[in-house]
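What follows draws every value from the coordinates through simple rules; no lab data is involved. On a predicted model such as this, the values are computed, not experimentally measured, just so you know. Glycine gets a Cβ as well: all are built from the backbone with ideal geometry, and neighbour counts include every protein chain shown.
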Amino acid sequence: MNWNSLDIDRNELSFRYTKSGGPGGQHSNKVNTRVELTWSITDTVSFSDTEKELLVQRLGPKVRIVVSKYRSQKRNKDLA
């Protein structure tokens, strides 16, 4: 297993969008630009059971990534 690059089916990724908060004026208060990506390692079909066990040992059963760096939802999603 190459730990530097994992090939995950996009259909297994779950995205949630919320307001990012913090400074930014009206735009950040109205638009859901913050992106939360979750991926369930235990439910994935992208890897064998042995590979899933290794991933769970290193990362836990779920991976959660939150990005609110940019004012654009698309840019935050691309970064996630």
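Normalising the average separation of contacting C-alpha pairs (under 8 angstrom, six or more residues apart) by the number of residues puts the relative contact order of the chain at 30 percent.
Placing +1 on the Cβ of every Lys and Arg and -1 on the Cβ of every Asp and Glu, with nothing else charged, gives the chain a dipole about its Cα centre of roughly 780 debye. Database remark: amide H of LYS62 closer than 5 angstrom to the amide H of ILE41 (H placed geometrically; neighbours at sequence offset of 5 or more, or on other chains; Pro and chain starts carry no H).
Each residue of the range 59-76 is assigned a 3J(HN,Hα), and the resulting list reads 10, x, x, 9, 10, 10, 10, 10, 10, 9, 5, 9, 7, 9, 4, 4, 5, 5 Hz, derived from the Karplus form 6.51 cos²θ - 1.76 cosθ + 1.60 (θ = phi - 60°), x at Gly and Pro.
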